[in-house]
Amino acid sequence: MKALYPGSFDPITNGHLDVLKRARKVFDQLTVAVVENPRKAPLFSAAERRRLVEESLREVGIEDVPVITYSGLLIDCAKRLGVVAIVRGLRATSDFDYEFQMALMNRDLDADIETVFFMTAGEYSFLSSSIVKEVKRYGGDVSKFVPRCVERALEEKFKEG
Ligand code: ADP
């Protein structure tokens with residue numbers, strides 16, 4: 001069974017990686033799909049976000065999860081790849097409304113593709129790409145929360161501008 005893990009990944013965090021690792025155990029094949037135009041203006045370009053996911057996977061020794069970028073409707077991307085499921089992570093109840101809406105809309109668009117939720121690990125329940133960017137922007141230590149390559153990329157990004 002194939003599944004797709006879509007998101008902004010701006011940038012990928014250990015919370016994303018934790019969901020990914022667990023989803024990989026459940027599905028035979030998992031693909032990460034980085035959305036080109038996320039809802040919020042991204043800090044990293046789509047190509048940078050994709051590269052950081054790929055490097056992070058290498059850092060943790062995962063070699064069998066391809067990373068793609070997509071634009072347009074997620075469900076179209078899912079159909080093209082022939083997946084049976086879309087993987088999403090759930091943190092606090094604040095994720096719920098949006099995820100609920102998306103899951104129902106996607107089911108309406110294609111009833112054969114299920115959205116499957118993985119509950120966050122306790123230690124990552126407060127972790128988001130946004131909070132990581134905010135802390136790093138002001139010089140805080142985020143090494144516990146992101147792979148090394150992401151930490152370095154954030155340092156470079158904030159040095160630039
Ligand atoms: P999007 O803009 O599509 O929500 P994100 O990169 O913010 O993209 O998140 C992708 C998915 O990963 C979402 O389902 C989100 O809830 C989940 N996720 C993000 N951070 C965590 C975390 N710390 N624990 C569990 N799931 C997470």
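The values are calculated or read from the model by the stated rules, or taken from the named source; none is laboratory data. A quick note: this is a predicted structure, and the numbers were derived from the prediction, not measured. Note that each Cβ is placed from the backbone with ideal geometry, even for glycine, and that neighbours are counted across all protein chains shown. Note: areas computed on protein heavy atoms with side chains; ligands, DNA, RNA excluded. Shrake-Rupley method; radii C 1.70, N 1.55, O 1.52, S 1.80 Å.
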Paramagnetic reach from V84 in segment 93-113 [backbone N under 16 Å; point 7 Å along Cα→Cβ] | 111-113
Rounded to whole Hz, the Karplus (6.51, -1.76, 1.60) HN-Hα couplings of segment 120-137, x for glycine and proline | 4, 6, x, 5, 10, 5, 9, 8, 9, 4, 4, 5, 4, 5, 5, 5, 5, 4
Please give the peptides 12-19, 69-76 ranked by average Cβ packing (other Cβ atoms within 10 Å per residue), highest first, as a rough proxy for protection.
-> 12-19, 69-76
What are the residues whose amide H is under 5 Å from the amide H of V146, where those residues sit 5 or more places off or on another chain and H is modelled from the backbone?
-> N14
Percentage relative contact order, the chain, counting C-alpha pairs under 8 Å, at least six apart = 30
Roughly what would the spin-label model give for E134 and A111, points 7 Å off Cα along C-beta, in nm?
-> 4.2
Pairs beyond 27 Å (Cα-Cα), from K21/K144; K40/K144; K2/K157 | K2/K157
What is the set of long-range amide H partners of F118 at a cut-off below 5 Å, with H atoms built 1.01 Å from backbone N?
-> R88, G89, L90
Would you mind working out the accessible area per residue for the chain, using a 1.4 Å probe, and quoting it in Å²?
-> 55
Sequence-distant residues sharing a close amide H with L127 (under 5 Å, placed H) | none
Hey, what do the phi angles of segment 12-21 turn into as Karplus ³J(HN,Hα) couplings, whole Hz, using 6.51/-1.76/1.60 and θ = phi - 60°, x for Gly and Pro?
-> 4, 10, 5, x, 4, 5, 5, 4, 4, 4
Solvent-accessible area, 1.4 Å probe, carbon plus sulfur percent, for the chain = 50
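Helix-only estimate, please: 222 nm mean residue ellipticity of the chain, summing -39500 (n - 2.57) across DSSP H runs of length 4 or more and dividing by its residues, to the nearest 500. Please report the intermediate quantities before stating the final value.
Details: 6 runs with 71 residues, N = 161.
So the helix-based figure for the chain works out to -13500 deg cm²/dmol.
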